[in-house]
Amino acid sequence: ALPCRGQEPAPLAVRVARAQKLVEQVRGAAFRGSVASALLPEKELGEVLGRKLVEDLPAPFPAYAASLVSIGLIDPSPDLLGRLSRLYARQVVGFYDPSEGKFFVVPERTRDAGGEAGELMEQVLLAHELTHALQDQRLGLDRRMKALRDSTDALLALQAFLEGEATIVMTDALVASVPADAREALGSDPLGQILDGLEDPASVDGAEGVPDFFVRELVFPYAAGTAWVREKRLSGGWRAVDEAYRALPSTTREILRPGVKLPPRRRLAGSARPDPAKLGRGCAAAWADTLGEWALGFLLERAGADQVAALRAAAGWQDDRVVFLLPAGAPAGEGVGFLWRLRAARPPAASRIA
């Protein structure tokens, strides 16, 4: 039930504890303990997110951005880190930080701004982010995500699973939090309405001036991930989602095909993977990555293919490995090159990609 207007909000730790019980109720899984929480003033949010954006990158941000330019995923963009920080800050009302095991709330954007709508917004936010805390207790997210820094594909697939589950729990928590006589206003399929709203990256607040790659990468885990987890739950309830914890999706190839049992991937042979030791003189291997089907499809669109042709070609992806190169002695972010090998399902698929 919502409090009376003018009632002082309970301390954050109390509100978080209540929300934990709600998450346990709708998810059917128990927390191992309480989740630490803290208020993060809005004026500090941009700086904190900017720091979080770069701390787990495989290279300093200028070199990382230059690698995306070199391979064609983005165009050069001035003040890119600032633009990205502002983009993410516009989306955030609060967030769970696995590296600290703590949940942060921006009070100016939630119930502390006043009103019943503010409290309901916070309760929904708490349910989403506390699901991440529950996931962290089950998976050890900080360690797991750091281990995937050399695979954009695997990290994006994991994020899709995490955001998909959290979005569904959030929706269930919303329905459970609204009085029964008011639930009709949510419609017969509130989750479907959320998915419909996620399908248009152009609607992302604060996306002006940010390369489309980052905007669509931001949306993908929520849209595609929610569809993937939703299919799991429809097929076998939360038990089917729990089973996915034992075999987490490791490629965007899986996320893009919810409910489909895929044959094993045909991986690059060891001899076909770029070897940093054989780059020749004058270059140093800076970092390596696996881009995956989703990024390949985006890149093919930027190369001039229409969306249908790009998706059809990218669907032939099986494996890839790229090593980014820095000329010896070059400043970070200048002169980045790459050596990229891809494995397709069959020769016709390779031809379409080429």
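The values are calculated or read from the model by the stated rules, or taken from the named source; none is laboratory data. Note that this is a predicted model, so its numbers are computed, not measured. Ideal geometry is used to build each Cβ from the backbone, glycine not excepted, and the neighbour counts take in all protein chains shown. Note: accessible area is taken over every heavy atom of the protein model, side chains too, but ligands, DNA and RNA are not part of it. Shrake-Rupley method; radii C 1.70, N 1.55, O 1.52, S 1.80 Å.
Do we have Arg149 as free of Cβ contacts under 8 Å to residues at least 60 places away in the same chain, over 21 Å from Val23 (Cα atoms) and either among the basic types (Lys, Arg) or not in a helix (DSSP H, G or I) (or both) here?
Criteria not met by Arg149.
Within the range 323-330, is there a residue that is closer than 17 Å to Leu256 by Cβ and not in a strand (DSSP E or B)? Reasoning before the result, please.
Keep residues of the range 323-330 that are closer than 17 Å to Leu256 by Cβ, which gives none.
No, that holds for no residue.
Across the range 202-215, which residue is modelled with the highest pLDDT among those that are in a helix (DSSP H, G or I) and surrounded by fewer than 17 Cβ atoms within 10 Å (Cβ to Cβ)?
It comes out as Asp212.
Conditions: (1) open to solvent by 60 Å² or more (accessible area, probe 1.4 Å); (2) part of a strand (DSSP E or B); (3) not small (Gly, Ala, Ser). Trp287 meets all but one. Number of the miss?
(1)
Restricted to the range 331-354, and to residues that are in a strand (DSSP E or B) and within 20 Å of Ser271 (Cβ to Cβ), which residue is least open to solvent (accessible area, probe 1.4 Å)?
For the range 331-354, the residue satisfying everything is Ala344.
Kindly indicate which of Ala295, Ala303 is open to solvent by less than 40 Å² (accessible area, probe 1.4 Å), of a type in the set (Gly, Ala, Ser), under 25 Å from the mean Cα position of the chain (by Cα) and closer than 23 Å to Pro76 by Cβ. First the steps, then the outcome.
Numbers: Ala303 fails: open to solvent by less than 40 Å² (accessible area, probe 1.4 Å).
Of Ala295, Ala303, the one residue that is open to solvent by less than 40 Å² (accessible area, probe 1.4 Å), of a type in the set (Gly, Ala, Ser), under 25 Å from the mean Cα position of the chain (by Cα) and closer than 23 Å to Pro76 by Cβ is Ala295.
For the range 140-167, name all the residues that are among the hydrophobic types (A, V, I, L, M, F, W, C), surrounded by fewer than 20 Cβ atoms within 10 Å (Cβ to Cβ) and out of contact with any Leu (no Cβ under 8 Å at 6 or more places or on another chain).
Matches in the range 140-167: Ala147 only.
Would the range 268-280 turn up any residue that is modelled with pLDDT under 85 and of a type in the set (Lys, Arg)?
yes
If you check Arg265, Arg257, which single one turns out to be part of a loop (DSSP other than H, G, I, E, B), of a type outside the set (A, V, I, L, M, F, W, C), in contact (Cβ under 8 Å) with a residue 40 or more places away in the chain and within 27 Å of Gln159 (Cα to Cα)?
Just one listed residue meets the conditions, Arg265.
How about the range 1-101: which helices (runs of 4 or more DSSP H) wholly inside it have at least 3 residues that are closer than 30 Å to Leu134 by Cβ and touching a residue at least 40 places away in the same chain (Cβ under 8 Å)? Quick ask: steps written out before the conclusion?
Values: elements: 12-27, 42-55, 61-71, 80-91.
Result: 12-27, 42-55, 80-91.
Does Gly101 count as of a type in the set (Gly, Ala, Ser), under 21 Å from the mean Cα position of the chain (by Cα) and at pLDDT 90 or above?
yes
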